[in-house]
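What follows is a single structure, written as structure tokens, with notes after it.
The values are calculated or read from the model by the stated rules, or taken from the named source; none is laboratory data. Given the structure is predicted, the values throughout are model-derived calculations rather than measurements. A quick note on method: Cβ atoms are made from the backbone with ideal geometry, for glycine too, and the neighbour counts reach across all protein chains shown.
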């Protein structure tokens, strides 16, 4: 009988400690959940901002196959613009539309305006005709904003953007190398990952 009382006494204490331990688990886990929630919220804000900035840049009226606009988001409210454009007005227009996006507090505009050059203009048109006249490349040319961009600076051609497969990347690079007057061709096209 004495052993029974001892067991009940220690059993009750053990049960009380177990209940307290179980109740305190949510309190211990709460800061970690809060941290995860804050990180998820930041990711959500960045994803929304990325989508809006991309949309605004693509919709610029003078954004063409001869320009490339890139951006990065620093923190949750600062946007850094980069790339190369043929018109100074496109540089300022890109900054203005991004600055008006809700939630953007700072815009750093590192977009380079390419030098005016009739020689570069002729190379742009020749590269465009050469690349987009290839069989199957009409699917890139017919899109509202071409995924292939032809950047020409001081006689040097750089291809940037996204193509459907490695063969298209190689064909674009090979035919661009055949453009008369081009000093060099850099093929920075990226193959689209499907999956």
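For the reader, a short list of remarks on this structure follows.
- Of the residues 161, 136, the single one that is on the phi > 0 side of the Ramachandran plot and not in a loop (DSSP other than H, G, I, E, B) is 161.
- Of all residues in the stretch 142-158, those that are outside any strand (DSSP E or B) and more than 22 Å from the chain's Cα centre (by Cα) total 3.
- Filtered residues of the stretch 45-69 (kept if surrounded by 14 or more Cβ atoms within 10 Å (Cβ to Cβ), touching a strand residue (DSSP E or B) at 6+ places or on another chain (Cβ under 9 Å) and closer than 16 Å to residue 145 by Cβ): 53, 57, 60, 63, 64, 65, 66, 67, 68, 69
- Residue 173 being within 25 Å of the chain's Cα centre (by Cα) and either assigned by TED's automatic domain parsing to the domain that holds residue 56 or surrounded by 12 or more Cβ atoms within 10 Å (Cβ to Cβ) (or both): yes
- Of all residues in the stretch 80-108, those satisfying the criterion of being touching a strand residue (DSSP E or B) at 6+ places or on another chain (Cβ under 9 Å) and assigned to a loop (DSSP other than H, G, I, E, B) are 86, 87, 101, 104, 105.
- When residues of the stretch 109-127 are limited to those that are more than 30 Å from residue 74 (Cβ to Cβ) and out of contact with any strand residue (DSSP E or B) (no Cβ under 6 Å at 6 or more places or on another chain), the one surrounded by the fewest Cβ atoms within 10 Å (Cβ to Cβ): 118
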